[in-house]
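Read the figures in this text as sums done on the coordinates, not as results from a lab. Owing to the predicted nature of the structure, the values given are computational and were not obtained by experimental measurement. With ideal geometry, Cβ positions are generated from the backbone for all residues, glycine too; neighbour counts draw on all protein chains shown.
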Amino acid sequence: MVRADAGINGVADMRGSACTITKLISDKRADLEQVHPSTKEITRDNAMKTDPVPLHPGASQALGG
């Protein structure tokens, strides 16, 4: 679980938070699909398609990129 009161202090924490959130979405995808069917479209390949905006380094780390 990601705590709402977890502070983001600097780039290292932001990278860790992005990694944690990305992993959480991946790990809980089946649960998310029950809430909203479009979650089925969240795949590693689709998540990596962020052009022209670069993928956040923490998200990239979580996706193995």
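Take each peptide in 26-33, 57-64, 38-45, count the other Cβ atoms within 10 Å of every residue, and average; sorted highest first, the result is 57-64, 26-33, 38-45.
About its Cα centre, the dipole of the stretch 10-63 is roughly 80 debye, where the only charges are +1 on Lys and Arg Cβ and -1 on Asp and Glu Cβ.
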